[in-house]
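Just so it is clear, none of the values below were taken in a lab; they were calculated from the coordinates. All figures in this text were calculated on a predicted structure; none of them were measured in a lab. Don't worry about glycine lacking a Cβ; one is built from the backbone with ideal geometry, like all the others, and counts go over all protein chains shown.
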Amino acid sequence: MSQTVTSPVKHSVISDFKEITKVRLSVSVVFSSLAGYLLGVETVDYTTLILLAFGGFFMVGASNAFNQIIEKDLDALMDRTKDRPIPAGRMSVTTAFIIASLFTILGIAILYSINPQTAMFGAISIFLYTCAYTPLKTKTPLAVFVGAIPGAIPFMLGWVAATNNFGVEPGTLFAIQFFWQFPHFWAIGWFLFEDYKKGGFFMLPTGKQDKGTAVQTIMYTIWTILVSIVPAFGFTGRLYLTPISAIIVFLLGLGMLYYAIQLYKKMTVVAAKQLMLASVSYITLLQIVYVLDKFIR
């Protein structure tokens, strides 16, 4: 009888650094910030663009590192996270704390060099993520609501970096990404339900993989679609979307809604994963459409 030997995963200092700061997630957040900047700016300042990219990256990296320090014992209980640098013993809490602190200082300083409001919102994002969202995850499903606030800041942060002003335009960008996060994170909470349970995390609105959660996922998907096309009606100041682009965004939203409905019908892990992928595609393509619409019209 043959036996399959599984080779141990090799880790390096670089791979652990990327893991503690969640580089791929950080890059996706930076993408949102840059999209917001391009929507708000009248003439692109590439120096500001680069500063925003690095400042945003440091802020998100800091939040992720602080998060993994706080949750190190819980991460050790879950299959998804037990091989992270701290629970696996490859990185000390002290080292992770130094990285998180350095990233915080660099991030705030860089964003402050753009303008004080940008730095303020960046600092609020770190504070809410680490001091509110992270501890609430084991207490109440409302943690997703709290976490959606710092999660929605990057898109509008770019506009604030471009204009040094917070008004209806960045508020609308915030609302789009705020509502989007509910179907996105509930889909993740659904297909990782058993693993999250090991760590004692409450990520689904009803606490269960049930019709109630699926219905709320559909409702927030609809809200996301509606908020996303509001700029086409001229109520959002300089943030405007042409009718053709609004139709494209609406059709993209219907695609995400289809998968939300499929989750309601099938109630399966596979359906939840499909919704998660659809939600990522939606927010990415929406931001691209918004930016292209501004520069092409």
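Here are the numbers:
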read-out	value
Computed [θ] at 222 nm, helices only, for the chain once each DSSP H run of length n ≥ 4 contributes -39500 (n - 2.57)	-24500 deg cm²/dmol
About the Cα centre, charge dipole magnitude for the chain (Lys/Arg +1, Asp/Glu -1 at Cβ), debye	580
Derived scalar couplings ³J(HN,Hα) [the range 190-200; Karplus, 6.51 cos²θ - 1.76 cosθ + 1.60; whole Hz; x for Gly, Pro]	6, 7, 10, 4, 5, 5, 4, 4, 4, x, x
Per principal axis, descending, Cα span of the chain in whole Å	65, 48, 39
Per-residue ³J(HN,Hα) for the range 103-110, Karplus 6.51 cos²θ - 1.76 cosθ + 1.60, θ = phi - 60°, Hz, x for Gly and Pro	5, 5, 4, 5, x, 5, 4, 5
Karplus-derived 3J(HN,Hα), 6.51/-1.76/1.60, for each residue of the range 176-188, Hz, glycine and proline x	4, 6, 5, 5, 4, 5, 5, x, 5, 6, 5, 5, 5
In the range 90-150, trypsin sites (Lys or Arg not before Pro) in a DSSP loop with at most 14 other beta-carbon atoms within 10 Å	Lys139
Placed amide H near Lys82: partners under 5 Å, 5+ positions off or other chain	none
Additional length obtainable on full extension of the chain from Thr206 to Ile70, 0.36 nm per residue less Cα span	46.5 nm
Global geometry of the range 217-267, whether rounded, prolate or oblate, following the gyration tensor of its Cα atoms and the 1.5 cut on a/c	prolate
